[in-house]
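Coordinate-derived values only; no laboratory data. A quick note: this is a predicted structure, and the numbers were derived from the prediction, not measured. Glycine also receives a Cβ, built like all others from the backbone with ideal geometry; neighbour counts cover every protein chain displayed.
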Amino acid sequence: MAPTTKSRSMSERPTDTHDTDAAWKAWGERDPYFGVITDERFRRDRLTPQVLETFFRSGEAHVRHVMSTLRQHVQPGFKPRRVLDFGCGVGRLLPAFSALGAEVVGVDIAEAMLDEARRNCERLRTGPVQLVLSDDELSRVEGHFDLVHTAIVLQHIEPRRGLRLIERLVGLLAPGGTAALHLTYAKTVHAANYGAPPAPAPAPPPAEPPLWQRLLVQAKAVPVPPPGPSPVPGSGDPEMQMNPYPLNDVLFVVQQRGARRLHLEFSDHGGELGATLFFAVPGP
Ligand SMILES: C[S@@+](CC[C@H](N)C(=O)[O-])C[C@H]1O[C@@H](n2cnc3c(N)ncnc32)[C@H](O)[C@@H]1O
């Protein structure tokens, strides 16, 4: 269902910080379509009208699948009036959601992604689409939604932060609203451990600067540089983290919001094991 976003610069380094935001801002400015679907066809310098059509067709197919799954397993005849697409990128899915007759809100952390999404919605003459800059409170998102959707986004966000975002997202569901939330939860490379990464080795003590530098620093001659971001291996692409989420915690959030049942669909993007959770919350 959801296409892969695997890239050479992909890393499983979990962090505690918001450095993924900087990476996504860089993707938005440097190579937004490839950042969304890491397929060489979608590199910035290769985009043609035909390539763009292929890109948006993949979005139509995705939305068709989401809607048919929701109608089949969650709410027969479901027709959303207000849709939130969290991490909308360049708007690959927005025209298809809009074609359902819904008012659509796309949220993203990268201004350049939102700018591109705006241009795409204008070019494709979608219905009403609002594009909103994200933050951890989703503070600029107004009102409630009868469909909250996210695909190939949470995997790129550090899970403790992502879990809080999931709480906010399910909190934005209107009574009786439905959700389709995609996240990754394990990696086949860690199959011996049921997908969980081995416990990290204790961090080595920080390396001492050489004696000459310590002496100069003591004499206040050389400022010690702060530790910089770790370099991306290989290409000049920004980093793209892949983070597995603890499904237990996610299920807890969903059940606490009142969902009684859940339809789950697995995904496997090059060994990154994922799940899309389809569910509804109680009606009025
Ligand atoms: C791989 S793209 C997927 C785009 C879109 N969901 C799609 O399927 O076409 C991931 C998107 O998530 C956005 N993103 C990453 N971290 C985010 C955050 N903390 N809040 C909102 N969006 C975020 C990125 O800027 C990027 O546009």
Each label sits 7 Å from Cα toward the beta-carbon; between residue 26 and residue 136 the label points are separated, in nm, by 2.1 nm
All alpha-carbon distances of the chain, grouped into 10 Å bins from 0, give the whole-percent distribution 6, 27, 34, 20, 8, 4, 2, 0
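Any idea what % of Cα-Cα pairs in the range 73-222 are farther than 24 Å?
48 percent
Starting from the exponent 0.38 and prefactor 2.2 Å, build the expected Rg for the range 52-139 from its residue count and divide its actual Cα Rg by it.
Numbers: Rg = 12.9 Å, N = 88, 2.2 N^0.38 = 12.1 Å.
Relative to the 2.2 N^0.38 Å estimate, the range 52-139 comes out at 1.07.
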In whole Hz, the Karplus estimates of ³J(HN,Hα) for the range 35-51 (6.51, -1.76, 1.60; θ = phi - 60°; x where Gly or Pro) are x, 6, 10, 7, 10, 3, 4, 9, 4, 3, 7, 10, 6, 10, x, 5, 5
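Assigning unit charges at the beta carbon (Lys, Arg +1; Asp, Glu -1) and nothing else, what dipole magnitude in debye, to the nearest 20, does the chain show about its Cα centre?
Values: 31 positive and 32 negative charges, 100 e Å.
Taking the Cα centre of the chain as origin, the dipole is about 480 debye.
Using Cα pairs closer than 8 Å and at least 6 residues apart in sequence, work out the relative contact order for the range 69-150, in percent. The partial results should precede the final answer.
Values: 145 pairs, mean separation 28.7, N = 82.
With pairs under 8 Å counted, the relative contact order is 35 percent.
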